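The values are calculated or read from the model by the stated rules, or taken from the named source; none is laboratory data. All figures in this text were calculated on a predicted structure; none of them were measured in a lab. Every residue, glycine among them, receives a Cβ derived from its backbone with ideal geometry; neighbour counts consider all protein chains shown.
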Amino acid sequence: MSPRVILLTGPSGSGKTSLLRRVGARRLNLDHFYRDGVEPGMPLLDGTLSGADGVGAAKATSLIDWDHPASWDAERAMTAIRELCTSGRTRVPVYSLPDNATVGHEELDIGQARVFVAEGIFAAEFIERCRAEGLLADALVLCRPRVQTWWFRLRRDLAEHRKPLPVLLTRGLRLAHLEGRTIAHWVHQGCRPVSRRECEATITRALT
């Protein structure tokens with residue numbers, strides 16, 4: 001039987017990556033499919049799109065809305081999911097968040113795994129497509145208390161030097177304010193809301 005995908009989303013900082021490492025799941029990191037910040041047509045925080053010349057590398061961090069699906073290459077990510085479900089391997093980009101750019105590529109091989117997890121804040125975008133193609137095993141949204149998510153996100157982003165501190169603080173407050181609405185949207189798209197314990201148990205069962 002061909003592998004199938006569990007789509008796992010949740011607010012940035014909710015603990016998706018650490019949970020998957022703990023249970024030992026094969027993981028496709030959807031964060032690596034962001035578009036380069038200098039590309040034209042990037043979504044901006046003021047609700048517009050960047051023009052044909054882009055916004056320039058120096059301004060990409062502070063002007064682009066990196067939480068908008070248009071900042072991300074959905075077609076390239078869907079191709080990777082499809083290849084993992086059909087051949088068990090794919091070539092994925094390596095994305096540098098501080099640089100807002102792809103800096104390389106690497107091979108991902110899930111071996112004989114029956115299930116793998118595609119994880120990221122845009123994972124719910126694929127629910128209908130994966131279901132229609134018979135690739136979907138489950139779709140989950142990881143929920144935890146909002147203050148915890150805010151704190152762990154800030155601590156992680158500072159440790160990894162993802163963005164300048166003013167950007168992290170502004171983005172963190174915006175995400176915390178919108179978190180309830182965002183989770184409701186993911187549920188509307190087809191995700192099941194689960195606690196950390198429920199999420200871990202669900203994925204562990206799927207792996208065995």
*asked:* Suppose we keep only residues that are touching a Cys at 6+ places or on another chain (Cβ under 7 Å) and over 23 Å from D157 (Cβ atoms) within the range 1-56. Which one would you say is surrounded by the fewest Cβ atoms within 10 Å (Cβ to Cβ)?
replied: S2
*Would you pick out the residues in the range 20-41 that are in contact with a helix residue (DSSP H, G or I) (Cβ under 6 Å, 6 or more places away or on another chain), closer than 18 Å to K163 by Cα and either part of a helix (DSSP H, G or I) or among the hydrophobic types (A, V, I, L, M, F, W, C) (or both)?*
F33, V38
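Here is a yes/no grid of residues against (1) at pLDDT 95 or above; (2) within 17 Å of M42 (Cα to Cα):
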| site | (1), (2) |
| --- | --- |
| A80 | yes, no |
| L84 | yes, no |
| V94 | yes, no |
| D99 | no, yes |
| G104 | yes, no |
| E107 | yes, no |
| G111 | no, no |
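Yes/no per residue for (1) surrounded by fewer than 18 Cβ atoms within 10 Å (Cβ to Cβ); (2) without any contact (Cβ under 8 Å) to a residue 12 or more places away in the chain; (3) touching a Phe, Trp or Tyr at 6+ places or on another chain (Cβ under 6 Å):
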{"position": "R91", "(1), (2), (3)": "yes, no, no"}
{"position": "P98", "(1), (2), (3)": "yes, no, no"}
{"position": "L108", "(1), (2), (3)": "no, no, no"}
{"position": "A118", "(1), (2), (3)": "no, no, no"}
{"position": "C130", "(1), (2), (3)": "no, no, no"}
{"position": "R171", "(1), (2), (3)": "no, no, no"}
{"position": "H177", "(1), (2), (3)": "yes, yes, no"}
*Can you tell me which residue in the range 48-80 is farthest from L175 (Cα to Cα), limited to those that are touching a residue at least 24 places away in the same chain (Cβ under 8 Å) and in a loop (DSSP other than H, G, I, E, B)?*
D73
*Kindly list, by first and then second residue, each pair from a residue in the range 16-29 that is closer than 22 Å to P93 by Cβ and of a type in the set (A, V, I, L, M, F, W, C) to a residue that is assigned to a helix (DSSP H, G or I) and modelled with pLDDT of 95 or more, limited to pairs with Cβ atoms under 7 Å and residues at least 6 apart or on different chains.*
A25/I203; L28/A80; L28/I81; L28/L84
*Restrict the check to the range 185-194 and report whether at least one residue is modelled with pLDDT under 90, buried (at least 17 other Cβ atoms within 10 Å of the Cβ), more than 15 Å from the chain's Cα centre (by Cα) and among the hydrophobic types (A, V, I, L, M, F, W, C).*
no
*Taking the range 7-22, which residues are in contact with a Leu (Cβ under 7 Å, 6 or more places away or on another chain) and small (G, A, S)?*
G10, S12, S14, G15
_Conditions (1) among the acidic types (D, E); (2) over 12 Å from the mean Cα position of the chain (by Cα); (3) buried (at least 17 other Cβ atoms within 10 Å of the Cβ): number failed by D67_ = (2)
*Of the residues in the range 178-205, how many are closer than 12 Å to A139 by Cα and part of a helix (DSSP H, G or I)?*
7
*asked:* As an exercise: evaluate A132 against (1) out of contact with any helix residue (DSSP H, G or I) (no Cβ under 8 Å at 6 or more places or on another chain); (2) within 15 Å of N29 (Cβ to Cβ) and give the number of the one condition it does not meet.
replied: (2)
